[in-house]
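To start, the structure itself, in structure tokens.
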Amino acid sequence: MAQVPQTLDALAVRTWCGLALRALGRAREEIDAINVYPVADGDTGTNLYLTLESASTAVEAVFAGYAAGPGEPALADAVRAMAHGALIGARGNSGTILAQLLRGMAQVLAGDADGEAPHRTDGAGLRLALRRAADSAREAVAHPVEGTVLTVASAAAAAAEDTEGDCGTVARAAYEGARTALAATPGQLKVLERAGVVDAGGRGLVAVLGALVEAFTGEAPGGLLPRGAADAHARVEAALEAGTCAEDPGAGPDGGPAYEVIYLLEAADEAVARLRARLDALGESLVVVGGDGLWNVHVHVDDAGAAVEAGVEAGRPYRIRITHFGLGDVHTGGERPPRERAQRAVVAVVPGEGLAGLYAEAGATTVLARPGEPPASGELVEAVRRAHAREVVLLPNDAELRHTAAAAAEQARAEGIRVALIPTRSAVQGIAALAVHEPERRFDEDVVQMTSAAGATRYAEVVVAEHQFWTSAGICQAGDVLGLIDGDVAVIGADVTTIAETVLARMLQAGGELVTLVIGDEAPETAADHLEARVRESYLAVDTVVYHGGRQGAPLLIGVE
């Protein structure tokens with residue numbers, strides 16, 4: 001039997017995230033089916049799962065950083081990672097609120113909340129964390145409504161506050177309090193009562209709290225839903241058909257705003273306060289969560305452009321997602337009519353905005369992977385769906401994403417989409433694969449040609465070390481420039497252009513016909529011209545093509561075909 005954490009430490013956080021993710025995975029379809037408020041769009045379970053998946057991935061990344069050395073992460077490191085992961089991965093109204101619940105807990109457990117001492121690893125610390133979570137989530141919602149996940153969270157916190165004991169005892173009390181509150185939600189919201197269901201977001205939170213109990217006790221609590229509610233989702237479809245699930249105002253395409261707008265925002269606190277007021281006047285279901293310069297904004301509006309423009313005035317919005325409730329189509333831009341499925345599409349993960357534009361011009365659907373923020377499998381699945389094709393070629397463009405991409409491909413196949421995963425380990429290999437892509441060919445033939453082109457492309461990158469560590473080329477110090485060939489450190493130095501020239505020379509020793517240079521914003525302005533001239537002078541039969549990758553994390557990516 002796996003070790004059961006006895007106190008609130010990093011291991012407990014990791015265990016909880018893993019169990020909660022599995023619990024939401026099991027309950028996702030059921031939660032989607034009972035989703036009737038604030039919009040009956042059937043995605044609450046999926047949104048909660050994707051948000052928790054992002055949180056869990058961030059926690060695993062913290063533990064991976066300690067894997068090679070002694071000890072394990074501190075509690076503060078784990079809970080901050082959990083909160084940050086949930087914030088950047090939050091989806092929909094429910095996911096955004098869950099992100100704020102986790103952030104509230106993290107503020108207490110990491111000692112970031114005003115007046116709270118850090119390192120409260122006992123039941124008292126958990127009580128404080130649950131109260132902070134419930135209060136901060138309620139504060140993040142412009143117009144809190146009872147009978148929702150906010151009510152369930154408050155009930156969980158109240159039940160915990162009335163309980164003495166260790167973490168397991170407090171967690172079980174919170175779970176039972178949430179479960180009781182969930183059973184009462186149909187009596188608080190008419191839309192739930194008419195559909196004969198409990199609140200979907202609250203149902204998800206009960207699953208997450210049940211995982212918390214299991215993390216501390218080793219036993220999953222029984223009776224997740226009150227009697228009679230477990231099969232309530234079967235009645236929703238009939239209620240929707242009869243038109244009885246609309247809640248005025250804003251409970252669906254017939255009675256509320258047409259668009260859901262979500263984006264991450266880099267902005268100062270005072271700018272966000274003004275943004276809240278403006279978005280509140282524009283629409284409904286406004287939730288703004290986050291802090292310390294990074295926010296997740298969610299709102300339902302009729303004028304999606306105005307909601308995005310408000311974000312631009314407040315700071316720098318990115319990862320903008322606009323969903324038309326009537327069409328169920330996620331995109332960035334205006335309304336798009338339903339369209340027939342294409343026969344074939346390419347979905348690719350790219351490290352910078354410049355490459356995203358390049359791949360898009362070549363016809364690919366892209367997923368942007370910002371430095372330190374790798375996409376979760378749910379994001380890749382969404383991109384596959386967004387490609388709207390019967391056949392999809394998936395290019396992860398990163399060796400670390402192979403398992404994530406494989407999971408996404410498997411899920412997409414289960415939905416009836418034919419998916420081929422080409423294990424590209426760099427964006428330059430993806431460029432080579434795209435160059436030979438021909439949608440008119442038979443699918444298997446196209447995949448073979450793309451795989452062959454990617455495999456024939458050696459890849460390298462020039463990066464700057466963030467800390468001291470051992471490499472295959474010796475010890476590097478923070479600030480050193482590293483040249484990696486096929487994923488291994490080959491050379492260490494102090495100048496980006498010099499290291500790039502050395503790397504390029506080593507790669508071309510084995511021959512080559514085409515050199516691809518992807519220049520990041522961090523590279524010297526003269527690097528591309530210098531390297532291009534060097535290739536032209538020393539390798540007469542080799543062509544060079546240069547792309548600008550933008551903020552891609554690495555100053556330079558190199559490919560040799």
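Structural remarks
- Folded to 0 to 90 degrees: helix 200-217 orientation relative to the chain principal axis, Cα: 80 degrees
- Rolling a 1.4 angstrom probe over the protein heavy atoms with all chains in place gives the chain an accessible area of 42 Å² per residue.
- Nearest-0.05 FRET efficiency for GLU340 and ASP292, computed from C-beta distance (R0 56 Å): 0.80
- Subtracting the Cα-Cα distance of ASP486 and ALA74 from 0.36 nm times their residue separation leaves 145.0 nm of extension gain.
- TYR37 contributes about 50 Å² of solvent-accessible surface, heavy atoms of the protein only, 1.4 Å probe.
- Over 43 Å [Cα-Cα, the chain], rounded percent: 23 percent
- In degrees, nearest ten, helix 92-109 long axis to first principal axis of the chain (Cα): 90 degrees
- Extension gain, TYR318 to VAL448, is 43.3 nm, computed as 0.36 nm per intervening residue step minus the present C-alpha separation.
- Using alpha-carbon coordinates, inclination of helix 149-161 to the longest axis of the chain, degrees: 70 degrees
- Relative packing of peptides 387-395, 526-534, 343-351, 26-34 - highest average C-beta neighbours within 10 Å first: 343-351, 387-395, 26-34, 526-534
- Backbone N under 15 Å from the ASP135 label point (7 Å along Cα→Cβ), restricted to the range 162-176: 162
- The distance from the alpha carbon centre of the range 33-102 to that of the range 410-430 is 24 Å, rounded to a whole number.
- Förster radius 35 Å - calculated FRET efficiency between GLN188 and SER472 (Cβ-Cβ, nearest 0.05): 0.05
- Beta bridges per DSSP, both residues in the chain: antiparallel share near 70 percent.
- Relative to the current alpha-carbon distance between THR217 and HIS143, full extension at 0.36 nm per residue lengthens the span by 23.0 nm.
- Rounded percent of accessible protein surface that carbon and sulfur make up, the range 341-448, 1.4 Å probe: 50 percent
The values are calculated or read from the model by the stated rules, or taken from the named source; none is laboratory data. Since the structure is predicted, the reported quantities are computational estimates derived from the model, not experimental observations. So basically every Cβ, Gly included, is an ideal-geometry build from the backbone, and we count neighbours across all protein chains shown. These area figures cover heavy atoms from the full protein model, side chains too; ligands, DNA and RNA do not enter into them. Shrake-Rupley method; radii C 1.70, N 1.55, O 1.52, S 1.80 Å.
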